[in-house]
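Student: Submitted below is the structure of interest, expressed as structure tokens.
Here, each number is a calculation from the coordinates, and none is a lab measurement. Keep in mind it's a predicted model, so treat the numbers as computed, not measured. So basically every Cβ, Gly included, is an ideal-geometry build from the backbone, and we count neighbours across all protein chains shown.
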Amino acid sequence: MIAATALDGVQLDTVVEKWADAERGDAVAELVERNQTENLQLVADAYRAAMAQGSRNPRKYVAKALYISESTASRRIRAARDHDPPLLGGALGKKPGEAPLPPEEDS
């Protein structure tokens with residue numbers, strides 16, 4: 001640790017600790033976002049696997065495949081659809097399935 005030195009009444013080690021906390025916070029936020037995207041991709045993949053197998057209740061399939069409740073599966077399916085960019089196409093009314101995803105834009 002850097003030795004404490006007064007800098008206009010502020011301890012230098014306090015400034016360094018706050019900076020390190022901010023850097024760690026940014027790294028943690030990035031990791032959480034990346035993990036969330038990966039988890040939502042798993043939800044989308046499980047949903048598509050359910051549809052490919054002819055499931056009439058893909059929400060239940062997602063719940064069983066990921067060891068989560070059906071209500072949590074519903075929320076995560078919604079989150080996968082609302083993700084930017086969408087990981088799962090929009091709902092087809094009350095029927096299981098997904099609308100086609102919009103084409104990806106070139107950057």
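Student: Of all trypsin sites (Lys or Arg not before Pro) in region 36-107, which ones are in loop regions per DSSP and have a Cβ with at most 15 other Cβ atoms within 10 Å?
Tutor: Qualifying residues, ordered by number: ARG56, LYS94.
Student: Gain in length, LEU66 to ALA99, computed as 0.36 nm per residue apart minus the alpha-carbon separation, to one decimal in nm?
Tutor: Net length gain for the segment: 9.6 nm.
Student: Using Cβ counts within 10 Å as a stand-in for footprinting exposure, how do GLU70, GLU104, GLU30 rank, fewest first?
Tutor: Listing GLU70, GLU104, GLU30 from fewest to most nearby Cβ atoms yields GLU104, GLU30, GLU70.
Student: Starting with the fewest neighbours, write out TYR61, TYR47 ranked by other beta-carbon atoms found within 10 Å of each beta-carbon.
Tutor: TYR61, TYR47
Student: For region 70-77, what does the Karplus curve 6.51 cos²θ - 1.76 cosθ + 1.60, with θ = phi - 60°, yield as ³J(HN,Hα) per residue in whole Hz, taken in order and with x for Gly and Pro?
Tutor: These are the phi-based 3J(HN,Hα) values: 5, 5, 5, 4, 4, 5, 6, 4 Hz.
Student: If we restrict to alpha carbons, what Rg and Dmax does region 23-82 come to, in Å?
Tutor: Values for region 23-82 (Cα only, Rg and Dmax): 13.3, 47 Å.
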